Amino acid sequence: MLSKDELAARLSEVRASLAGRAELVAVSKFHPADYVRLSYELGQRLFGESRVQELVAKHEALAADCPDIVWHFIGPLQTNKVKYLAPFIHMIESVTSERLLEEINRQGQRVGRRIPILLEVYVAEEETKSGFSPEKLLQLVERIHHEPEHYRGIELRGLMAMASNTEDSAQVRGEFARVAELHAQLLRSGWVDSERFTIRSMGMSGDYPLALEEGATHVRIGSALFGERH
Ligand SMILES: *Cc1c(COP(=O)(O)O)cnc(C)c1O
């Protein structure tokens, strides 16, 4: 178990390295709700989780004590589980397919909200990563733009990506740069609301300094804060 002092030290170290350039999504998946509570007491508000059941349990456990906590869902999401997130989730970052997008849109309308989402774009050279190809992404955003009446259950806030898991920092940097370039291209297209489509969520414990240099607005950091996951 991390002590509050250890956690405070890690949080301030990570925050110092961000130097206000990006928002910190503290990735608390697989770690106890108490770590979230401690971080909250230390001023952290934004947390990322990647499993629906775990997130719902933490949300319920912490709702009373942490009233302005902000939850981002960042993991693989099955369509049949969107309904559990729809009432409270602040953002779904990992929208990887049209089928999932449609279900989030449907559930958003069911609960009477526009669920903020990021579209996950596939820029890595790895089979294991998921998301829309750059071509699919552009087509999809154009279509959403032309069907505003249909998409009343979602709000497009930006892009999310994971870089290849490699020591080759030039490659990782290139992948992050590609995300920033796609984001800029979408802003120029006029298909997105430039006041709302502002997020580039990229970078994790191992590669966030590069993501920052390439224009990340949000970094998702787990192990550097909370230690190894078991
Ligand atoms: C787990 C996870 C992270 C955090 O990874 P760390 O290497 O522990 O910082 C970031 N993004 C996504 C999508 C994740 O699933």
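Bear in mind that the values in this text are calculations on the coordinates, not laboratory data. Quick caveat: nothing in here was measured; it's all calculated off a predicted structure. FYI the Cβ positions are ideal-geometry reconstructions off the backbone, even for glycines, and counts take in every protein chain you see.
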| request: Would you be so kind as to identify all helices of the chain, as entire DSSP H runs, whose Cα atoms reach 24 Å or more along the helix's own axis and whose mean Kyte-Doolittle hydropathy is at least 0.0? | output: none
| message | Net charge around Gly108, counting only other residues with Cβ within less than 12 Å of its Cβ (Lys, Arg = +1; Asp, Glu = -1)? | response | +3
| field | Cα-only radius of gyration and Dmax that characterise region 74-143, units Å | value | 12.3, 39
| said: How large is the Kirkwood hydrodynamic radius of region 15-115, counting all unique pairs of alpha carbons, in Å? | reply: 14.2 Å
| field | Stokes-Einstein D for region 133-230, Kirkwood Rh over Cα pairs, 20 °C, 1.002 mPa s (µm²/s) | value | 147 µm²/s
| Taking Lys129 as the anchor, which aspartates and glutamates have their alpha carbon closer than 13 Å to its alpha carbon, excluding any fewer than eight residues away along the same chain? | Glu120, Glu175
| message | For the chain, what does the relative contact order come out to in percent, with C-alpha contacts under 8 Å and a separation of six or more? | response | 20 percent
| message | If you take every residue apart from Phe176 with its C-beta less than 15 Å away from the C-beta of Phe176, what net charge results, scoring Lys and Arg +1 and Asp and Glu -1? | response | -3
| remark: If each K or R counts +1 and each D or E counts -1, the residues other than Tyr151 whose Cβ falls under 15 Å of its Cβ total +1
| remark: Ratio for region 178-230, C-alpha Rg to 2.2 N^0.38 Å, reads 1.38
| query | Using alpha carbons only, what's the Rg to Rh ratio of the chain with Rh from Kirkwood? | reply | 0.95
